[in-house]
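Visitor: Encoded as structure tokens, here's the structure I'll be asking about.
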Amino acid sequence: LVEWDEVMKKEHFRIGKSIYMIVFFIFIFGVFLEVTQTDFILKTYRYQTPSNELKTITKTIKIPEDVLAEIEDQPFLIIYDSAVKESIEIKDNIKQTLNYMKQKSEEVQIESIPPNFESYQMVIVTFEDIDQFPSIGQMETYVSNGGKFFFAIRPDLDGAFYKLYRKLGIFDVGGFTTATGIELNSNILMNQKGLIIEEKFIENSILTVSLENRAKVYAESYQPKYPLIWDVEYGKGKFMVFNGTMLLAKDNRGLIAGAMSVLLDDYMYPVMNMKLAYLDDFPAPIPQGYNEKIYNELKLDIPTFYRNIWWPFIQKQSAKYNLKYTAVVIESYNDRVTPPFNSESDSNNYLIKYGREVLKMGGEIGVHGYNHQSLVTDQNRVEHLGYRSWPNKENMVSSLNSVESHINQAFPGYHLATYVPPSNAIDLEGIEAISIALPTITNISAIYLPDGTQTALEQEFGSKGSFIYLPRFTSGHEYSVTNKWTIANGINSIGVFSHFIHPDDILDGNRSGEGDWAGMSKGLNSLFKDVQKKYPWLISMKASEAADFVKRFEKSDIYIVDKANKKIGYIDHFSGEVSFILRTDKKIGKVQGCKVEKIDNGIFHIRAFKETFEVELR
Ligand SMILES: [Zn+2]
């Protein structure tokens, strides 16, 4: 129809017969497009409940009791100093990492160290003052008999250290220094050998050590350069030293999992294996008019930018890099926290137009909110965001009812499963409001890593009350080094990639990093491309599918037994495929109940299709 106006404006132009025909066809085509986007046509669509296929959980298979009774499940022992905050934090971080890996662990304070370590798969020390150890001899005996001993923080230069340091592969030690960055000289994080991070977000207090050649160094600090993680044989076992202080942070869990899996022999652990991509604030009302930055670069107004540039680019990313989008809806950008909760005039059109395409691409529509005011009642929590807190739960409920009927008008009968809190912030009242207003919502996706605001809901994967928590790791159109590090660590520890972007990242100076569209699109393309290239085995999922998987994963108990030359896996309460990562220098022989593929040097991805499966190692 724009074309028609253009033609009419040029009155001096002599319009030939064929031009009339073209204009006529454009007009008819335009009418056709409009009609297909009306409610009338949409109501004739029958959308499949997205979680239908996943909710039909196959029966849960139990491993027979007599088989389970035979399994010797060796726990990890974590020793911590209850008087030191950092020690408790490292202990908690390692314990959670082991929980995800379905490993049993026991935690003891220094005062209660057991008299011998023989029954433990690994002993992990999370404090620096190793003089407090009752006996160095005890750890030496354990390791020389085949034990694995892991210093998860660099030790202090005390008496015990000087008794022990040669056995740790150290031939010379200077003092302490602060080192920034990391360089991986191994694939301790899979497919990341050679990764260099110079930035300060990785910082450690380290010991300036020189190592003997027999020590195997997995990573070094970047500036100054010193060994950061190594292991060394002692008798039949091994010592491992993390010569730093950063394993208390959640971001580094991949490094913890990697360290354990190289320290143990032929180590195999389960991962959740999910690849998720969220479109926050989409579909949502689109600002009208012009934005200086977009106009200067592309000579387009904002709605045209979204329709002709951003959205086609995002659609192409999905096809190229195997992504299923979870798009979370905003109905209005007003800041009302009291009724009435009305729709903006264009809101419905955008929802129908873009929402349909999201669904057609195999994606999911979830709820972000009636508006972008986080569901919290405490004004202090949202003051810095420029938001208004809600006076009560009832108003939250009625705003959520509004967005539900907004979505329902566009997609009648659509089953809503996912909620993403605006600015990742929500409080208990907010969570209760969701249960009341939107009882079909099963999963809440806030964030996995602390964002430094104290406002965001920081989550772990798993059930929480009546919801599944399904946090996101990374965000934005930029493939920053922090994104790179977070992604690698998330995939190495639990096999999860979960990224979110906003269509308006470009309008936001902070989120666009002042970059233009050319730079931002290049950034996002290289992020998705790199993940697809390095981790092609990740399974792309919608949030609802992932939440269902998390529920099943949580219920299963997993045991790995070494028998002759075989790894035998038992998945108790088995309800479907589970993925594993196996580290071994051996060759893979016969396999049963699973499929094995090599994904890096000495690293294999195993898909177990049965409750009992076997991998022969040669
Ligand atoms: Zn948002």
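The values are calculated or read from the model by the stated rules, or taken from the named source; none is laboratory data. Fair warning: this is a prediction, and the values are worked out from it, not measured in the lab. Here the Cβ positions follow ideal geometry from the backbone for every residue, glycine too, while neighbour counts run over all protein chains shown. What goes into the accessible areas is simple: the full protein's heavy atoms, side chains included, and nothing from ligands, DNA or RNA. Shrake-Rupley method; radii C 1.70, N 1.55, O 1.52, S 1.80 Å.
Visitor: What's the FRET efficiency of E203 with D265 using the Cβ-Cβ distance as r and R₀ = 25 Å, to the nearest 0.05?
Guide: 0.20
Visitor: Please report the base-10 log of the normalised intensity I(q)/I(0) for segment 136-243, using a Debye sum with one equal scatterer per alpha carbon and no solvent, at each q in 0.22 (1/Å).
Guide: Each listed q corresponds, in turn, to -1.21.
Visitor: Restricting attention to segment 202-233, which trypsin sites (Lys or Arg not before Pro) occupy a DSSP loop and are surrounded by at most 11 other Cβ atoms within 10 Å?
Guide: Those satisfying the criteria are R214, K225.
Visitor: If you don't mind, another one. Between segment 583-618 and segment 86-122, what is the C-alpha centre distance in whole Å?
Guide: Between the Cα centre of segment 583-618 and that of segment 86-122, the gap is 28 Å.
Visitor: While we're on this one: Simple spin-label model, 7 Å along Cα-to-Cβ: Y162 to H573 in nm?
Guide: Modelled inter-label distance: 5.2 nm.
Visitor: Let me ask another. At 0.36 nm per residue, minus the direct Cα-Cα distance, what do N99 and Q315 gain on full extension? Give it in nm, one decimal, please.
Guide: 74.1 nm
Visitor: Beyond 22 Å, what percent of the Cα pairs of segment 72-170 remain?
Guide: That fraction is 25 percent.
Visitor: What nm distance separates the two modelled labels at T60 and E233, each placed 7 Å from Cα along Cα→Cβ?
Guide: My value for the distance between the label points is 4.5 nm.
Visitor: Taking 0.36 nm per residue of sequence separation and subtracting the Cα-Cα distance, how much length would be gained by fully extending the chain between Q454 and R214, in nm to one decimal?
Guide: 81.9 nm
Visitor: While we're here: Listed here are the pairs K62/K102; K567/K587; K216/K236; K393/K555; K102/K167; which of them are more than 23 Å apart at the Cα?
Guide: Table pairs above 23 Å Cα-Cα are K393/K555; K102/K167.
Visitor: Percent of accessible area on segment 421-507 owned by carbon and sulfur, 1.4 Å probe?
Guide: Carbon and sulfur atoms account for 51 percent of the accessible area of segment 421-507.
Visitor: Same structure, new question: Quick one: net charge around E118, please, counting Lys, Arg +1 and Asp, Glu -1 for every other residue with C-beta under 15 Å from its C-beta.
Guide: That works out to -2.
Visitor: How far, in degrees from 0 to 90, does helix 17-36 lean away from the longest principal axis of the Cα atoms of the chain, to the nearest 10?
Guide: Long axis of 17-36 versus the principal axis of the chain: about 60 degrees.
Visitor: Quick one: of K59/K610; K534/K598; K320/K522; K95/K324; K250/K563; K534/K590, which pairs are farther than 24 Å apart, Cα to Cα?
Guide: With Cα atoms farther than 24 Å apart: K95/K324; K250/K563; K534/K590.
Visitor: Cα centroids of segment 430-458 and segment 258-292: how far apart, whole angstrom?
Guide: Spelled out, the Cα-based centre of one part sits 17 Å from the other.
Visitor: Moving to a separate point now. With 10 Å bins from zero, work out the P(r) of the chain over every alpha carbon pair and list the percent per bin.
Guide: Calculated P(r), rounded to whole percents: 3, 15, 23, 23, 17, 11, 5, 2, 1, 0.
Visitor: I would also like to ask the following. How are the alpha carbon pair distances in segment 474-566 distributed across 5 Å bins from zero to the largest one, expressed in percent?
Guide: 3, 11, 18, 18, 15, 13, 9, 5, 3, 2, 2, 1, 0
Visitor: Could you work out the equivalent-ellipsoid semi-axes for segment 402-515, taking the square root of 5 times each eigenvalue of the Cα gyration tensor, largest first, in whole Å?
Guide: For segment 402-515, the semi-axes come out at 26, 19, 14 Å.
Visitor: Which angle between 0 and 90 degrees, to the nearest 10, do you get for helix 347-360 versus the longest principal axis of the chain when only C-alpha atoms count?
Guide: Tilt relative to the chain: about 50 degrees.
Visitor: Can you give the net charge of the other residues whose Cβ lies under 13 Å from the Cβ of T208, counting K and R as +1 and D and E as -1?
Guide: Around T208, the surrounding residues sum to 0.
Visitor: Helix 253-263 against the longest principal axis of the chain: what's the angle in degrees, Cα atoms only, rounded to the nearest 10?
Guide: Orientation of helix 253-263: about 40 degrees from the principal axis.
Visitor: Could you give the accessible area per residue of segment 508-618, probe 1.4 Å, as a whole number in Å²?
Guide: 46
Visitor: Once you have the Cα-Cα distance between V84 and E70, take 0.36 nm times their residue separation minus that, and quote the gain in nm to one decimal.
Guide: Taking V84 through E70 to full extension adds about 1.1 nm, to one decimal.
Visitor: At 7 Å along Cα-to-Cβ for each site, give me the label-to-label distance between D301 and S135 in nm.
Guide: 8.2
Visitor: Suppose R0 equals 56 Å. What FRET efficiency, 1/(1 + (r/R0)^6) with r the Cβ-Cβ distance, do K360 and T178 give to the nearest 0.05?
Guide: Efficiency for this residue pair is about 0.60.
Visitor: Further question on the same structure: Could you tell me the calculated FRET efficiency between K522 and N408, based on Cβ-Cβ distance and R0 = 25 angstrom, to the nearest 0.05?
Guide: My answer for the efficiency is 0.05.
Visitor: Report, in whole Å, the centroid distance computed from the Cα atoms of segment 470-541 and segment 201-252.
Guide: 28
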